[in-house]
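Just below is one structure, and these are the notes that go with it.
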Amino acid sequence: MGTTTFEPTVRITSATAAELHVSGDIDQLYASSAEGLRDRIVEAIRQLAASAGEPVTATVFDDDVSWPIIVHPDGTYLEAASLDDAPAPAAAAVAPISAVPLHPTTPAPVSAATPAPAPTPAEAPAAAASAPLRSTATRRDATRATPTVDDLLGSRAERARARANEGWQGAVRRMTGGAISPRPGKAERSRIERERKVQRRLDAPRTIVVLNPKGGAHKTTSTLLLAATFGTQRGGATLAWDNNETRGTLGWRAQHSPHNRTAVDLLEELDRFTEPTGASLAALDTYVRTQVDARFDVLASDEDAAASSTIDAPAFDRLHDVLSRYYRIMVVDTGNNMRASNWVAAVAAADQLVIVSTVREDTAASAAWLLDGLREKGFDHKIDSAVTILAAPSQRPDKRLAERLQRHFEQVTSAVVHVPFDAALVDGGPIDFEALSPETRDAWLTVAATISDRL
């Protein structure tokens, strides 16, 4: 019997994770090791073959390399460098999948040995008995250690299946009390995938710096909306920081706080946070402004009109070093002076640059000029991985201009994301995150997921 007509694909996303794509649906496969992932992939395809009652051919993709794997309902499988090179299942001397790793740097070569003659029907059972062609997902390899608690815990993610909450799929699930539970629709699956990207574990604190040297370019709004998205999706440990050398407006656009302390006040007391007796997040609450509903904090810049103090590069570095001990994500708003030492220090400390512009000629030209200047300063690698946000300045932005700006910035940065106009952001006062439109929330989730891919 030939292979079944539908062909699933497997995309390796890390050493211990993969995605199985079947007819528009995506199943996440996880394991605690690369070997375990290999087994789970074969087992997932075997289940498809068992349901179809015939072998299933899947194509495995790992970066730019791809190769086929044919899995039979009984767990027999084979791999080849290409489908044209794959020997017929009945005549192939099939190697266990551990002999052909799922993470090759080049396509795995097919053995040049001459295949053994095809067994007669009478001989086939004996051959199968003497050399069972089973993956380690369906039989235990004598050379492999017995499963550990990590294998058990890792298998939970493989069995977890997203429940539909939106559209007709969600309505059916609720009406039947879960007895009928369709997969989430395409839009909901997209949202879930973006949420997972934003929520993924980080191995160290990350600093995101928002840039455009022109005032009114949407920097402060972008900083707050990014921090709100990361905060709500990750459950806190997110800071929006106004790194203006004198006065910025981030603190004004944040929700009310019982105090008006700023980065300057924190800098004066910073030494207490370097000592174990004075270091605590609760003590830091007296200097940052907690945005309870959106689960992030705000560190405002100096708001004293009569003050003469400024934040310079050494001050930024000291603040950044201490704040990195308390926050996983720091979104830094910047001023308009590219020559300010604290501005340059923020760029140097950035794990991710975000270039912001409204869909206007002047703000876009300012952003383009900024990128040229950063390249001259030697920040080429940070520009190459930067993300550009193009914000609509009105209900009906200039589409031709938006397309022209996208063409430019997608050639000089790694990604361009458009965000819509939202009347809730127009008045310039404190941002009411609950008042944002669903379209705005979804767009900023896309921005945050795009940035998370690069952190």
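Observations on the model:
- Phe230 meets each of the listed conditions (1) over 17 Å from Lys219 (Cβ atoms); (2) open to solvent by less than 10 Å² (accessible area, probe 1.4 Å) apart from (1).
- Filter result (in contact with a Pro (Cβ under 8 Å, 6 or more places away or on another chain) and open to solvent by 40 Å² or more (accessible area, probe 1.4 Å)) within region 254-305: Gln255, His256
- Against the conditions (1) at pLDDT below 95; (2) surrounded by 15 or more Cβ atoms within 10 Å (Cβ to Cβ), Ala435 satisfies every one except (2).
- Some residue of region 275-288 being in a helix (DSSP H, G or I) and in contact with a strand residue (DSSP E or B) (Cβ under 7 Å, 6 or more places away or on another chain): no
- For Val412, the test of being surrounded by fewer than 20 Cβ atoms within 10 Å (Cβ to Cβ) and β-branched (Val, Ile, Thr) is passed.
- Residue check for Arg318: open to solvent by 30 Å² or more (accessible area, probe 1.4 Å), out of contact with any His (no Cβ under 9 Å at 6 or more places or on another chain), over 21 Å from Ser385 (Cβ atoms) and assigned to a loop (DSSP other than H, G, I, E, B): no
- Region 1-60, subset among the small types (Gly, Ala, Ser) and under 26 Å from Ala187 (Cβ atoms), residue most open to solvent (accessible area, probe 1.4 Å): Ser23
- Single match in Val416, Val447 (criterion: at pLDDT 95 or above, closer than 16 Å to Arg360 by Cα and in contact with a strand residue (DSSP E or B) (Cβ under 6 Å, 6 or more places away or on another chain)): Val416
- Residue identified as surrounded by fewer than 17 Cβ atoms within 10 Å (Cβ to Cβ), closer than 22 Å to Trp444 by Cα and not charged (D, E, K, R) among Ala424, Ala392, Ala386, Ala365: Ala424
- Flag for Ile12 being within 28 Å of Arg194 (Cβ to Cβ), at pLDDT 85 or above and part of a strand (DSSP E or B): yes
- If the condition is being outside any helix (DSSP H, G or I) and among the aromatic types (Phe, Trp, Tyr), then region 361-395 contributes only Phe379.
- Residues that are hydroxyl-bearing (Ser, Thr, Tyr) and assigned to a loop (DSSP other than H, G, I, E, B), drawn from region 193-246: Thr246
The values are calculated or read from the model by the stated rules, or taken from the named source; none is laboratory data. Quantities reported herein were computed from a predicted structural model and do not represent experimental measurements. Note: ideal-geometry Cβ built from the backbone for every residue, glycine included; neighbour counts use all protein chains shown. Only protein heavy atoms, including side chains, enter the accessible area calculation; ligands, DNA and RNA are left aside. Shrake-Rupley method; radii C 1.70, N 1.55, O 1.52, S 1.80 Å.
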